[in-house]
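Chemist: Pasting a structure here, questions to come.
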Amino acid sequence: MSVTSVDKDYDNLTTTLVADFDASLDEVWQLWADPRKLERWWGPPTYPATFEKHDLSLGGEVTYFMTGAEGDQPRGWWRIASVDPPTSLQFTDGFANDDGTPNEAMPVINVEVRLSERADGTRMEIRSTYESREEMDKLIEMGALEGMQQAVGQMDALLEGGS
C-alpha cells in the first residue's frame, strides 16, 4: 500500500496522511482533477463515490454522494480555497443533507493536499485541520482516518492502469 504514515497532532488539531506513488506528479494530480478517476478512489471500497459537480477552480464547488452496500447514500461537499495544478489543492470538506445542503450538525474540515516529486515518483500529503478537539475526536471515532487510508490505498491500482 502506498500510505506510508498517518499522524494525529492534537496540539494543532490536524491529521496528516502521507503516501508515496511510483507515478508522476501529473498522473497523481489527475486522480483529483478527473471526476471519473476521483470516483474510483474517493471513499473506502465499501462506499464508492459519485461526483455530481466537480469544479476545482478557485471558489469552485464539488458535490458527491457515496453508496453503501445497504443502499445508504451519505453526501458531501467541498469548497475550493486554492488550487495550483499539479502540486496543491486546498478545500473545505463537509457533510451534506439528503438535499445536498451543508449539514450544520456535522464538523467541517479544512483540507490541504500537497504533491511533490520524489526520487521514484510522487509524494502526496493530505493534511486535515479541525475546528476543535471535539470535532477531531468525533471524526476519528467515526472512522475517518481508516476510511481515508482505505481510499488512498485504491490509488495504486488506478496509477498502474488497473480497475
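The values are calculated or read from the model by the stated rules, or taken from the named source; none is laboratory data. As the structure is a computational prediction, the values presented were derived from the model and not from experiment. Note: ideal-geometry Cβ built from the backbone for every residue, glycine included; neighbour counts use all protein chains shown. Protein only, heavy atoms only, side chains kept; ligands, DNA and RNA dropped before computing areas. Shrake-Rupley method; radii C 1.70, N 1.55, O 1.52, S 1.80 Å.
Chemist: Report every pair of residues separated by at least 6 positions or lying on different chains whose Cβ atoms are under 6 Å apart, first residue within the stretch 124-143 and without any contact (Cβ under 8 Å) to a residue 24 or more places away in the chain, second part of a helix (DSSP H, G or I).
Modeler: none
Chemist: So, one more: Need the failing condition index for D98 against (1) at pLDDT 95 or above; (2) open to solvent by 40 Å² or more (accessible area, probe 1.4 Å); (3) of a type in the set (D, E), just the number.
Modeler: Of (1) at pLDDT 95 or above; (2) open to solvent by 40 Å² or more (accessible area, probe 1.4 Å); (3) of a type in the set (D, E), only one is false for D98: (1).
Listed here are the residues, each with its yes/no results for (1) open to solvent by 50 Å² or more (accessible area, probe 1.4 Å); (2) in contact with a Ser or Thr (Cβ under 7 Å, 6 or more places away or on another chain).
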| site | (1), (2) |
| --- | --- |
| D20 | no, yes |
| A23 | no, yes |
| Q30 | yes, no |
| P35 | no, no |
| G43 | no, no |
| K53 | yes, yes |
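Chemist: Right, here's the next one. What about V83, is it closer than 20 Å to R36 by Cα, in a strand (DSSP E or B), hydrophobic (A, V, I, L, M, F, W, C) and in contact with a His (Cβ under 7 Å, 6 or more places away or on another chain)?
Modeler: No; evaluated as a whole, the condition is false for this residue.
Chemist: Are any residues in the stretch 4-45 within 18 Å of L89 (Cβ to Cβ) and among the polar types (S, T, N, Q), and if so, which ones?
Modeler: T14, T15, T16, S24, Q30, listed by residue number.
Chemist: Return a yes/no flag: does the stretch 53-67 have any residue that is in contact with a Leu (Cβ under 8 Å, 6 or more places away or on another chain) and among the charged types (D, E, K, R).
Modeler: no
Chemist: Helices (runs of 4 or more DSSP H) wholly in the stretch 107-159 with at least 1 residues that are closer than 18 Å to Y10 by Cα and at pLDDT below 95 - which ones?
Modeler: Passing ranges, in order: 133-141, 144-153.
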